[in-house]
Amino acid sequence: MKTREVFEIWDYLVVGAMLFVSGIIGVYFRFSGGKQKTTNEYLMAGRNMDMLPVILSLMATIQTAVGTLGFPGEVYLYGAQLYLYPLGFTVALIICTFVHTPVYFRIQVTSAYEVSFMQEL
């Protein structure tokens, strides 16, 4: 017996509630002001954060996106020969993060593109 995989009313209610709550949070922080007045304060936390939370945030963001979206599909399509990929990716990510991020932090840039732009000036 084949079952139909469709959203039921409860699924729509949960997704709708999540979107509603997310929207309310966004609208609240948009109009509540806060201390973030410029894009630099918003995107870079006013450069008041220590380096460790920034590094951990970058690592979690990249590792989670790649691991969640890409790796399972690759294993499904091509088999488990990719079992060393997460280990190598994690080691490379840690090395790059602890080598590049401190340099960016010291010279007060946000990306490699900004570094190359500064070199052209």
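The values are calculated or read from the model by the stated rules, or taken from the named source; none is laboratory data. Just so it is clear, the model here is predicted, and its values are computed rather than measured. To get the accessible areas, we keep the full protein, side chains included, count just its heavy atoms, and leave off ligands, DNA and RNA. Shrake-Rupley method; radii C 1.70, N 1.55, O 1.52, S 1.80 Å.
Multiply the residue gap between Phe7 and Val99 by 0.36 nm, knock off their C-alpha separation, and tell me the result in nm, one decimal place. Residue separation times 0.36 nm, minus the Cα-Cα distance, leaves 28.5 nm.
For the pair Ala80 and Ala45 in one chain, pulling the backbone fully straight at 0.36 nm per residue adds 8.5 nm over the alpha carbon distance. Computed on protein heavy atoms with a 1.4 Å probe, the accessible areas place Glu5, Glu41 in the order Glu5, Glu41, largest first.
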